[in-house]
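This report concerns only the one structure given below.
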Amino acid sequence: MGLHILGKNLWFSILKQNFVETGLLSPPPFHITLELLEKVMKSIDLFKLNGKVAIVTGGGSGLGRAMAMALSEAGAAVAVVDVNEETAQKVKDEISVSGGSSLAIKADVTSISEVNSMVEITVKEYGSLDILVNSAGTSHASLIEKMTLEIWDEVMKVNLTGVMLCCQAAVKQMMRQRRGKIINIASIAGMVIPKPKIFNGGYNYSASKAGVIIFTKRLAVEMAEYGITANCISPGYMRTPLTQKVLKDKKSYKEIINITPLRRLGEPSDLAGAVVFLASEASNFITGHNLVVDGGYTLW
């Protein structure tokens, strides 16, 4: 809604109540012009996703759920994709209750036919695909001397091959549109080696996430001419179902907190701002970037 519709006096009263009376701005004399207010609102508008269509894989729980909700709250229609149809439906229902538009799609990201169908269903329902968030992932740690090919492939297939397949299906639509935003969820495990006391044997997980980061950089270069950006988010230790086992160990939990400068674990909601930023016009000149959201863990 434009400022000219609401009226200057109303906006001034809002500013007074929210900034002056709360102590965020010094009391008068302060000079805020209508032109300044318009500029502020235009900056905020950069983060809006109204009219955009997003797919979030792994959207039924954990980080995927949080990002699906965030994109919806920013105005996007969201296809919640998960191998577990029940959890995808629950998130769809949450979005619907909040007034958003959503689909629940059951799909295995390692299946070419199911991934292609995921995109087809979304485009058929909404007419386009503007945002892809690849959040589906798994973990199965094993010491190198005990690593089997099955355990290795299990993780690589979901975490890396799944990302490739979803990007492949999505960019075909985005290339036709000549626009799109791809956000691949990597991990700090693809950047640094966690201390052994915290997490042993994550060879396949670390390799898969490092692969996601470099894959995304290559994708960013080759898709740029089509107006498509590709970026990563690398979360640190987050409170999710995937990290429950590590976090239950009191020694490991304490060590993680001690290493993290912000002295806490990440919450799924901590990714909300990051994913909306990378999905929005606010990040139009950013591509091939790996946005680390780890509370400072990798600074050491």
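Residue-by-condition table, conditions (1) assigned to a helix (DSSP H, G or I); (2) over 22 Å from L299 (Cα atoms); (3) modelled with pLDDT of 95 or more; (4) of a type in the set (S, T, N, Q):
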{"residue": "W152", "(1), (2), (3), (4)": "yes, yes, yes, no"}
{"residue": "N159", "(1), (2), (3), (4)": "yes, yes, yes, yes"}
{"residue": "M164", "(1), (2), (3), (4)": "yes, yes, yes, no"}
{"residue": "A170", "(1), (2), (3), (4)": "yes, yes, yes, no"}
{"residue": "I193", "(1), (2), (3), (4)": "no, no, no, no"}
Exercise. Among the helices (runs of 4 or more DSSP H) confined wholly to the stretch 229-300, which include 2 or more residues that are buried (at least 19 other Cβ atoms within 10 Å of the Cβ) and either more than 19 Å from the chain's Cα centre (by Cα) or modelled with pLDDT of 95 or more (or both)?
Worked result: 250-259, 272-279
Seminar exercise, completed: Sole miss for F199 among (1) hydrophobic (A, V, I, L, M, F, W, C); (2) more than 18 Å from M147 (Cα to Cα); (3) assigned to a loop (DSSP other than H, G, I, E, B) is condition (2)
For this session: Only residues that are more than 20 Å from V276 (Cβ to Cβ) and buried (at least 16 other Cβ atoms within 10 Å of the Cβ): list them for the stretch 120-136, please.
Result: I121, V123
Problem set entry | Residue within the stretch 185-206 that is surrounded by 18 or more Cβ atoms within 10 Å (Cβ to Cβ), on the phi < 0 side of the Ramachandran plot and among the basic types (K, R) present | no
Problem set entry | Pairs where the first residue, in the stretch 51-79, is without any contact (Cβ under 8 Å) to a residue 60 or more places away in the chain and the second is assigned to a helix (DSSP H, G or I) and among the polar types (S, T, N, Q), C-beta under 8 Å, 6+ apart | G60/T87; V78/S72; A79/T122
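The values are calculated or read from the model by the stated rules, or taken from the named source; none is laboratory data. Quantities reported herein were computed from a predicted structural model and do not represent experimental measurements. Positions of Cβ are generated from backbone atoms using ideal geometry, with glycine treated the same way; all protein chains shown enter the neighbour counts.
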